[in-house]
1. Would you pick out the residues in segment 157-172 that are outside any strand (DSSP E or B) and out of contact with any Lys or Arg (no Cβ under 9 Å at 6 or more places or on another chain)?
2. Has segment 116-133 got any residue that is basic (Lys, Arg) and over 30 Å from Thr369 (Cβ atoms)?
3. Which condition breaks for Thr310 when tested against (1) assigned to a loop (DSSP other than H, G, I, E, B); (2) within 25 Å of the chain's Cα centre (by Cα)?
4. Quick test for you: out of Val34, Val41, pick the one residue that is at pLDDT 95 or above, surrounded by fewer than 20 Cβ atoms within 10 Å (Cβ to Cβ) and touching a Ser or Thr at 6+ places or on another chain (Cβ under 6 Å).
5. Evaluate the following for Gly93: is it in a loop (DSSP other than H, G, I, E, B), in contact with a helix residue (DSSP H, G or I) (Cβ under 7 Å, 6 or more places away or on another chain) and on the phi > 0 side of the Ramachandran plot?
6. Give me the residue from segment 187-242 that is among the acidic types (Asp, Glu) and in contact (Cβ under 8 Å) with a residue 40 or more places away in the chain and, out of that set, nearest to Ala318 (Cα to Cα).
Amino acid sequence: MTLEKLTIVPTSKPLEGRVSPPGSKSITNRALLVAGLAKGVSRLTGALKSDDTRYMAEALRAMGVTVDEPDATTFVVTSDGVWKEPATPLFLGNAGTATRFLTAAVALAKGRFVVDGDQHMRKRPILPLVEALRSLGVQIEAPTGCPPVTVDAEGRFTTNRVVIDAGLSSQYVSALLMAAPLASEPFDIELAGAEIGARGYIDLTLASMRAFGAEVEQTSPSTWRVQPSGYVAADYHIEPDASAATYLWAAEALTGGKIDIGVDAGAFTQPDAKAYEVISAFPHIPAVIDGSQMQDAIPTIAVLSAFNETPVRFVGIANLRVKECDRIRALSSGLNAIRPGLATEEGDDLIVASDPSLIGQRLPAEIDTFADHRIAMSFALAGLKIDGVTILDPLCVGKTYPDYWKALGSLGVEIVEG
């Protein structure tokens, strides 16, 4: 199915109803990976079925793991814990979690593994992880510093300690942590410096690992020790996606509505749930937002900030430049398409000028999503209050929230296709 664009029809009514966000993408792909490394049968419930998680599941199948899908929110993973060399490259689209996690994990298998993605993934950096694995004696090549990555794996690391630069992404640390239980001896992972993107995602990684029998402890603020325990199969329930919830929280705040998502904001373990407090402050969002620990929620808050009472500066968001697209540039471009001067980039900061009088105006604007699901979903919020907001490539939401447009429709939002 293809759909070039759609236009949101503004609503004058509060959005009310119940919407169940999909399962967490971050947790689903972690759970799929460790279940694929565990011996036995694991049942993952509440899981997300989207482009990103399907790429992970297909990669596991290509390496001899059985992944069944008995219903819309369950994966049943059967593995002997030993991955086989795939017949073709592992194609992972633009799934950053799958690409980074698998690059480290295949290093402890045996054979040649090529980890690749689409044109967008081929622009996303992976060199810090490649260099860390190379320091462990892994034969690994990534000529551009981005995928494709070729790993000639011999099933072992030649040393039991690695130092990783996680300034660009915490996923590099998570990748090494999840591979480490397969090593032959206790394994230490140390950060190079204190910089790390979204440290809260490390907690998600550790929780997934421990649920499948891994033994890991944090020995200092920048060091983890992982025992060579391997993994054992388990049943694991995955919570709803907090990043997806941010769009619903923002739609509720923007329209003065009441949307029941079936889970309290305080019950989430994902870092993006921190956005609830900020969103709830609307239209008095603070003047400065540090987005370093809730990176995927920043597009939501930035678009909401366009209607805030006072300007908002977003700091600590440099990592957004190396996500599915350059999200800082995509946000400033989209906001300025709505009204010139609405957003400004200062270095890696984003400043949203904020103008409550935008509500009710007709300001025709085509929003280039850059094939980024979060840009598409965030700018749909602008269309709730501004007439003429059109989202290009709207089906890119399938990366993490395939039913997003249907969810908005269920709340009474009118959407015009084409």
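The values are calculated or read from the model by the stated rules, or taken from the named source; none is laboratory data. No experiment lies behind these values; they were computed from the predicted model shown. Counting neighbours? That spans all protein chains shown, and the Cβs are built from the backbone with ideal geometry, glycine included.
1. Going through segment 157-172, the residues outside any strand (DSSP E or B) turn out to be 157-160, 167-172.
Matches in segment 157-172: Phe157, Thr158, Thr159, Asn160, Gly167, Leu168.
2. Of segment 116-133, the ones basic (Lys, Arg) are 122-124.
The next check asks that each one be over 30 Å from Thr369 (Cβ atoms); those that pass are none.
Scanning segment 116-133 turns up no residue that is basic (Lys, Arg) and over 30 Å from Thr369 (Cβ atoms).
3. All conditions are met except number (2).
4. On the way: Val34 fails: surrounded by fewer than 20 Cβ atoms within 10 Å (Cβ to Cβ).
None of the other options fit; the residue is Val41.
5. Working: in a loop (DSSP other than H, G, I, E, B): yes; in contact with a helix residue (DSSP H, G or I) (Cβ under 7 Å, 6 or more places away or on another chain): yes; on the phi > 0 side of the Ramachandran plot: yes.
For Gly93, the condition - in a loop (DSSP other than H, G, I, E, B), in contact with a helix residue (DSSP H, G or I) (Cβ under 7 Å, 6 or more places away or on another chain) and on the phi > 0 side of the Ramachandran plot - is met.
6. Step one: filter segment 187-242 for residues among the acidic types (Asp, Glu), giving 188, 190, 195, 203, 215, 217, 235, 239, 241.
Narrowing further to those that are in contact (Cβ under 8 Å) with a residue 40 or more places away in the chain: 203, 235, 239, 241.
Numbers: Asp203: 22, Asp235: 37, Glu239: 28, Asp241: 23 Å.
Out of the qualifying residues, it is Asp203.
Residues checked against (1) at pLDDT below 95; (2) buried (at least 23 other Cβ atoms within 10 Å of the Cβ); (3) under 28 Å from Gly412 (Cβ atoms):
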{"site": "Pro299", "(1), (2), (3)": "no, yes, yes"}
{"site": "Asn308", "(1), (2), (3)": "no, no, yes"}
{"site": "Val322", "(1), (2), (3)": "yes, no, no"}
{"site": "Ile338", "(1), (2), (3)": "no, yes, yes"}
{"site": "Ala343", "(1), (2), (3)": "no, yes, no"}
{"site": "Arg362", "(1), (2), (3)": "no, no, yes"}
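Residues checked against (1) of a type outside the set (D, E, K, R); (2) out of contact with any Phe, Trp or Tyr (no Cβ under 6 Å at 6 or more places or on another chain); (3) on the phi > 0 side of the Ramachandran plot; (4) surrounded by fewer than 24 Cβ atoms within 10 Å (Cβ to Cβ):
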site: Arg124; (1), (2), (3), (4): no, yes, no, yes
site: Leu127; (1), (2), (3), (4): yes, yes, no, yes
site: Glu131; (1), (2), (3), (4): no, yes, no, yes
site: Glu141; (1), (2), (3), (4): no, yes, no, yes
site: Pro147; (1), (2), (3), (4): yes, yes, no, no
site: Thr150; (1), (2), (3), (4): yes, yes, no, yes
site: Gly167; (1), (2), (3), (4): yes, yes, no, yes
site: Val173; (1), (2), (3), (4): yes, yes, no, no
